[in-house]
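Chemist: Take a look at the following structure, please.
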Amino acid sequence: MKNWKIATALVAGFAAGSLVNAPVALAAYGFCNAPHAPSAYLSKPNKPFCFSLRNCSEWEISSYKRNVDSYYEDLRRYATQVDDYYSRATKYVECMSYLD
């Protein structure tokens with residue numbers, strides 16, 4: 001019978017703890033994790049010099065296209081990082097509001 005009461009108390013305690021969302025739980029300890037903004041060190045690819053003369057070889061054009069594709073992929077990655085930062089910043093503001 002004693003084990004049954006202990007198990008019931010543990011389950012009730014676990015259920016009560018799972019109802020509190022993370023920002024409230026962290027704010028209870030006076031800790032909110034501040035997000036860091038993503039940094040973008042992106043450089044736009046330059047057109048090959050031969051482009052102005054219209055005498056580029058196939059490998060120069062292919063290389064430029066790969067650089068442009070890589071640049072756009074980096075821009076997409078940066079946009080995703082900004083979205084993640086916005087989400088973390090919102091959670092940080094919520095957490096800080098619970099501290100007051």
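Chemist: For segment 71-88, enumerate the residues that are touching a residue at least 24 places away in the same chain (Cβ under 8 Å) and closer than 16 Å to S43 by Cβ.
Modeler: Within segment 71-88, Y71, D74, L75, Y78 qualify.
Chemist: Moving on to the next point. Determine which single condition L26 fails, assuming it passes every other condition in (1) farther than 24 Å from Y86 by Cα; (2) surrounded by 10 or more Cβ atoms within 10 Å (Cβ to Cβ); (3) at pLDDT below 55.
Modeler: Among (1) farther than 24 Å from Y86 by Cα; (2) surrounded by 10 or more Cβ atoms within 10 Å (Cβ to Cβ); (3) at pLDDT below 55, L26 violates only (1).
Chemist: For segment 55-100, which positions are over 30 Å from C32 (Cβ atoms), touching a Leu at 6+ places or on another chain (Cβ under 8 Å) and of a type in the set (A, V, I, L, M, F, W, C)? So that I can check it myself, show each step before the final result.
Modeler: Keep residues of segment 55-100 that are over 30 Å from C32 (Cβ atoms), which gives 55-75.
Still in the list and also touching a Leu at 6+ places or on another chain (Cβ under 8 Å): 71, 74-75.
Across segment 55-100, the qualifying residue is only L75.
The values are calculated or read from the model by the stated rules, or taken from the named source; none is laboratory data. Note that the structure is a prediction, hence the values are computed from the model and not measured. Glycine gets a Cβ as well: all are built from the backbone with ideal geometry, and neighbour counts include every protein chain shown.
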